[in-house]
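Here is the structure we will look at.
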Amino acid sequence: AAAAAAAAEESGLGRRGEMGAQRPRKERAPASDGLESFKEVVASFAEEHGVAFVPKQRQHNGFRVYSFGGASVYLDKDVCHVESGGSQWHPIGFTDLLEYASSKKAGGRT
């Protein structure tokens, strides 16, 4: 049945074999609350730049805290927050996070 459907689609025929406009197929993302996919984006970014991205054994306001190189971060929807000085947290972009994590790993403070 799957082969017949693929052949019908390739030939321009609809599911029932009739000619006509076809609705575009929607690709469905894996079911998640959005946090998992953003976490994957951050993990890929870290990997591309040779930075470790691993969960820590703590949370901040109910969010899992991760180590991104030398920085502590948490992810809220599609925003990355970094800890800077004590318990101060603020949103940060990827480029700035990479620079900040590098400076923390080297022992610098910003």
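Scan region 67-93 for residues that are in contact (Cβ under 8 Å) with a residue 24 or more places away in the chain, in contact with a His (Cβ under 9 Å, 6 or more places away or on another chain) and within 20 Å of residue 37 (Cβ to Cβ) and the total you get is 2. There is at least one residue in region 79-91 that is open to solvent by 60 Å² or more (accessible area, probe 1.4 Å) and modelled with pLDDT of 95 or more. Kindly indicate whether residue 103 is surrounded by 14 or more Cβ atoms within 10 Å (Cβ to Cβ), of a type in the set (S, T, N, Q), over 14 Å from the mean Cα position of the chain (by Cα) and at pLDDT 95 or above. No.
The values are calculated or read from the model by the stated rules, or taken from the named source; none is laboratory data. Quick caveat: nothing in here was measured; it's all calculated off a predicted structure. Positions of Cβ are generated from backbone atoms using ideal geometry, with glycine treated the same way; all protein chains shown enter the neighbour counts. These area figures cover heavy atoms from the full protein model, side chains too; ligands, DNA and RNA do not enter into them. Shrake-Rupley method; radii C 1.70, N 1.55, O 1.52, S 1.80 Å.
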